[in-house]
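Please read the structure below before turning to the comments.
The values are calculated or read from the model by the stated rules, or taken from the named source; none is laboratory data. No experiment lies behind these values; they were computed from the predicted model shown. All Cβ positions, even for glycine, are placed from backbone atoms using ideal geometry, and neighbour counts span all protein chains on display.
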Amino acid sequence: MPRLQSAPPGPVAEPSNQGRLQLIANIQRELARKGFYDGPADGIWGAKTDTAVRDFIQVAGLKANPEASDGLLRAIAASNVKPSSAGAASTALPADAIAKLISPSKRVTAVQRALTDFGYGQIKPTGVVDPETRAAVEKFERDHRLPVTGQISDRLVRDLAGMTGRPLE
């Protein structure tokens, strides 16, 4: 696998904040040009930029840290790789049932937030049903005289939505 060349060892000058913002904006522009990034070239290394860089590194087959550097910018600019299209991948490969089961769910995240907001525990909104989420659901079910299952059901979501005054999904 190709590797990014690192700078020679020795004293490294910390780039100015303005220089770092410009470097990240240039990385964002190059990633957008290659089809990996669809956000603004604002110089802010957020989740979208991080995901785009990681996707690029994976598709390009590089062994590199996903951090802003001149080497990363040069690698992106010199590369001819394109992002894998989700449509082609989904028709070529069978759906991964296990990944679908364990992937974060927007519905679960919304339920976790609502349960926390209404005092049913300090649940981290991960989108994955964990023991804390199950315990909070059971407590909610007991308090609202629902069958105690610990599962996120349509009825539980409807009742929580009624309490919040807005849809959870």
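Summary table below
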{"quantity": "Qualifying residue in the range 57-69 (condition: under 20 Å from the mean Cα position of the chain (by Cα) and among the β-branched types (V, I, T))", "calculated": "yes"}
{"quantity": "Residue that is closer than 30 Å to A161 by Cα, out of contact with any His (no Cβ under 8 Å at 6 or more places or on another chain), of a type in the set (A, V, I, L, M) and modelled with pLDDT of 85 or more, where the choices are V53, V108, V59", "calculated": "V108"}
{"quantity": "Looking only at the range 11-50, and only at residues there that are of a type in the set (G, A, S) and not in a loop (DSSP other than H, G, I, E, B), the one that is modelled with the lowest pLDDT", "calculated": "A47"}
{"quantity": "Count - residues of the range 14-57 that are surrounded by fewer than 16 Cβ atoms within 10 Å (Cβ to Cβ) and touching a residue at least 40 places away in the same chain (Cβ under 8 Å)", "calculated": "2"}
